[in-house]
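*Asks:* First the structure, which I've put down as structure tokens, then a few questions once you've had a look.
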Amino acid sequence: NVLRTFDFGDVDGRPCISMEYVRGLTLRYLLSEAKRVPYSAALRIARQLAAGLAAAHEVGVLHRDIKPENLILEANGNAKLMDFGIARPLLRSTQGHTQAGTFVGTPDYCSPEQLSGSDIDERADIYACGVLMSEMFCGGMPYSGANTMDIYQAQISDSPKRPSELWP
């Protein structure tokens, strides 16, 4: 349940990646058409997202940007996790490209630690899955805000919205 990367290369001095082609639509598109996903379909997607994320974590990769735009759904119902553009190794032996205290990711789906620029691990990806599942099953986000700081502040000081508030 992870989009396959075949090769890394260089074409005319430009780096490139050869990846699996998947004909499908993103979970974001599906959510834009229907506020939430029907229960059985959402359950299948959630299982496949968890399997893809487990596979990435098993080989030591932290995704850092789990969101509906990064999950593609094939016509046969298979879901694949994609866009590892800001991923990094779980265990780093040297300093990474991201400076300490710097935020990367999509605020609505990020854990408080990720929003504050702290060092993160697999739990940040799992947190993002929980937010995505809230949107997929209930049609809304557990925290909201106009900007990154508002979302971060809501996570620090507010309780998450109960699923029954999002979908009575």
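The values are calculated or read from the model by the stated rules, or taken from the named source; none is laboratory data. In this text, all values refer to a predicted model and were calculated from it rather than measured experimentally. Cβ coordinates were reconstructed from backbone atoms using ideal geometry, including for glycine residues, and neighbour counts include every protein chain displayed. Each accessible area value is taken on the protein alone, full model and side chains, heavy atoms only, with ligands, DNA and RNA left out. Shrake-Rupley method; radii C 1.70, N 1.55, O 1.52, S 1.80 Å.
*Asks:* Check which residues have an amide H placed less than 5 Å from Val61's amide H, if you skip close sequence neighbours.
*Replies:* It is Leu90, by chain and number.
*Asks:* Show that you can apply the helix-only estimate: for the chain, add -39,500 (n - 2.57) for every DSSP H stretch of four or more residues, divide by all residues, and state [θ] at 222 nm to the nearest 500.
*Replies:* Values: 6 runs with 62 residues, N = 168.
Helix contribution divided over all residues of the chain: -11000 deg cm²/dmol.
*Asks:* What is the gain in length, in nm to one decimal, between Ser144 and Glu58 on full extension, counting 0.36 nm per residue of separation less the C-alpha to C-alpha distance? Please list the in-between numbers first.
*Replies:* Working: separation 86, 0.36 × 86 = 30.96 nm, distance 3.12 nm.
Between Ser144 and Glu58, full extension yields 27.8 nm more.
*Asks:* Just want the answer: with Cβ charges of +1 for Lys and Arg and -1 for Asp and Glu, which residue in Leu27, Leu43, Gly140 is farthest toward the dipole's positive end in the chain?
*Replies:* My answer, from the dipole projection, is Leu43.
*Asks:* For Arg4 and Ile86, compute 0.36 nm times the residue count separating them, minus their Cα-Cα distance, and round to one decimal in nm.
*Replies:* Numbers: separation 82, 0.36 × 82 = 29.52 nm, distance 1.62 nm.
Between Arg4 and Ile86, full extension yields an extra 27.9 nm.
*Asks:* Express in Å², to the nearest 10, the accessible area of Lys161 obtained by rolling a 1.4 Å probe over the protein heavy atoms while all chains stay in place.
*Replies:* Approximately 80 Å² for this residue.
*Asks:* Note down the magnitude of the dipole of region 27-168 about its Cα centre, charges +1 on Lys and Arg C-beta and -1 on Asp and Glu C-beta and zero elsewhere, to the nearest 20 debye.
*Replies:* Values: 13 positive and 16 negative charges, 60 e Å.
Here region 27-168 has a charge dipole of around 280 debye.
*Asks:* Another question about this same structure. Could you grab the relative contact order for the chain? Cα pairs under 8 Å, six or more apart, rounded to a whole percent.
*Replies:* On the way: 252 pairs, mean separation 34.7, N = 168.
After rounding, I find 21 percent.
*Asks:* Taking every pair of alpha-carbon atoms in the chain, what share in percent sits in each 10 Å bin, from 0 to the bin with the longest distance?
*Replies:* Per 10 Å bin, starting at 0, the Cα pair percentages come out as 10, 36, 35, 16, 3, 0.
*Asks:* Given a 1.4 Å probe, how much area per residue of the chain is accessible, in Å²?
*Replies:* Values: 10010 Å² over 168 residues.
Heavy-atom accessible area per residue stands at 60 Å².
*Asks:* Rounded to the nearest percent, how much of the accessible area of the chain (1.4 Å probe, protein heavy atoms only) is carbon and sulfur? Each step should come with its number before you reach the end.
*Replies:* Details: 5400 of 10010 Å².
Here carbon and sulfur together make up 54 percent of the probe-accessible area.
*Asks:* Take each of the peptides 69-77, 131-139, average the number of other beta-carbon atoms within 10 Å over its residues, and list them starting from the highest.
*Replies:* 131-139, 69-77
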